[in-house]
Amino acid sequence: MMHGMPGTAWAAIRHPVSPFGTAMARYVALLVGLPFAAGSGGATTRPSLLLGTAYGASPRQGRQQRTDSSTVRTGAANPAPHPLPLGMQRDGPIMPPTQSCANRRIAGIPGVLAITVACGGAAGCDQSPHTAVVLANGYPTAATAPLVVYRAVWENVAFPTPVEPGSSTSPQPSETTSGVTAYVVLAPGWDPELSATPASLVVLQSRVPISETFDDLLTITVDDTTFAGNCVAGSPLPQAQADFITQVVFPCDFAAYHYDAATCTLTPNHDPDAGVSCDAGS
């Protein structure tokens, strides 16, 4: 039976319930931050779950109106109030209406959800694997003829943008491998701002195959300790290997030249049938 009270948001729900139901009612009251009262008056006693005041209706108004017109009786006497949980009072929770006991008890759950949502929308929280490679020019920056990396290829990754000594490229997506040789074309003394095409080129290859593991950022440093082919450093390549690099790996850059591996010099190729047809920008 439920008695409504004009002008107030109080309501009392009274119904027969088992001991298990009483325990569940108390648990629900604790969970959502509502007061709980149970009667004690013999066989006719029934537990009551007070729904509390709505925000905007003061506890004092609720008590006054309940005393005037809405006292609920069970048998001959009012039921004795059940002791309320800590932090509760008869007219509602002792706390601002902006935060309930339930929110306090499960404050960790909204926090976890907030972190999850924030990470879901931020790139810095991205947890997906990233396998990438960076090419770094490890040659000295103060050399008389700086060795600029003009072209480079490793696995299926090409680095077409020149890299000056002491600089590196941005990370490029790559794949895992147990070891692949890297190939590089140097442009000694070349200034990209002064000339579009280098006057001389030197081809290099990594001394050992370079491997990469899953979800790793690999840095390939180009210098005379990790790459062979620089004649000035006393490590020229065999001519057959140099021909492979100039004719197969970088055919367009050497289409009009013959590269001499022993001296690291270019000579114009006057054989019209030896040229390679390349698109502009290749």
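Here are some notes:
- Selection from the stretch 142-157 of residues that are loosely packed, with under 13 Cβ neighbours inside 10 Å and within 16 Å of residue 182 (Cα to Cα): 156
- Taken over the stretch 252-268, the criterion of being touching a residue at least 60 places away in the same chain (Cβ under 8 Å) and part of a loop (DSSP other than H, G, I, E, B) is satisfied by 253, 264.
- Any hit, the stretch 226-241, residues being in a loop (DSSP other than H, G, I, E, B), within 37 Å of the chain's Cα centre (by Cα) and in contact (Cβ under 8 Å) with a residue 60 or more places away in the chain: yes
- Selected residue [of a type in the set (Gly, Ala, Ser), modelled with pLDDT under 95 and in the same structural domain as residue 201 (by TED's automatic domain parsing)] from 152, 158, 136, 142: 142
- Selection from the stretch 134-174 of residues that are aromatic (Phe, Trp, Tyr) and closer than 19 Å to residue 188 by Cβ: 139, 150, 159
- Options 200, 178, 211: the member that is more than 16 Å from residue 141 (Cβ to Cβ), of a type in the set (S, T, N, Q) and assigned to a loop (DSSP other than H, G, I, E, B): 200
- The set of residues in the stretch 202-219 that are closer than 12 Å to residue 174 by Cα and either among the hydroxyl-bearing types (Ser, Thr, Tyr) or out of contact with any strand residue (DSSP E or B) (no Cβ under 7 Å at 6 or more places or on another chain) (or both) comprises 211, 213, 214, 215, 216, 219.
- Residues being surrounded by 15 or more Cβ atoms within 10 Å (Cβ to Cβ) and at pLDDT 95 or above - total across the stretch 259-271: 4
- Single residue of the stretch 198-236 satisfying the filter (among the acidic types (Asp, Glu) and either outside the structural domain of residue 157 (by TED's automatic domain parsing) or at negative phi (or both)) that is surrounded by the most Cβ atoms within 10 Å (Cβ to Cβ): 212
- Some residue of the stretch 182-191 being in the same structural domain as residue 144 (by TED's automatic domain parsing), exposed (fewer than 13 other Cβ atoms within 10 Å of the Cβ) and modelled with pLDDT of 95 or more: no
- The stretch 158-174, subset closer than 14 Å to residue 131 by Cα and among the small types (Gly, Ala, Ser), residue surrounded by the fewest Cβ atoms within 10 Å (Cβ to Cβ): 170
The values are calculated or read from the model by the stated rules, or taken from the named source; none is laboratory data. Just so it is clear, the model here is predicted, and its values are computed rather than measured. Heads up, the Cβs are rebuilt from the backbone with ideal geometry, glycines too, and the neighbour counts pull from every protein chain shown.
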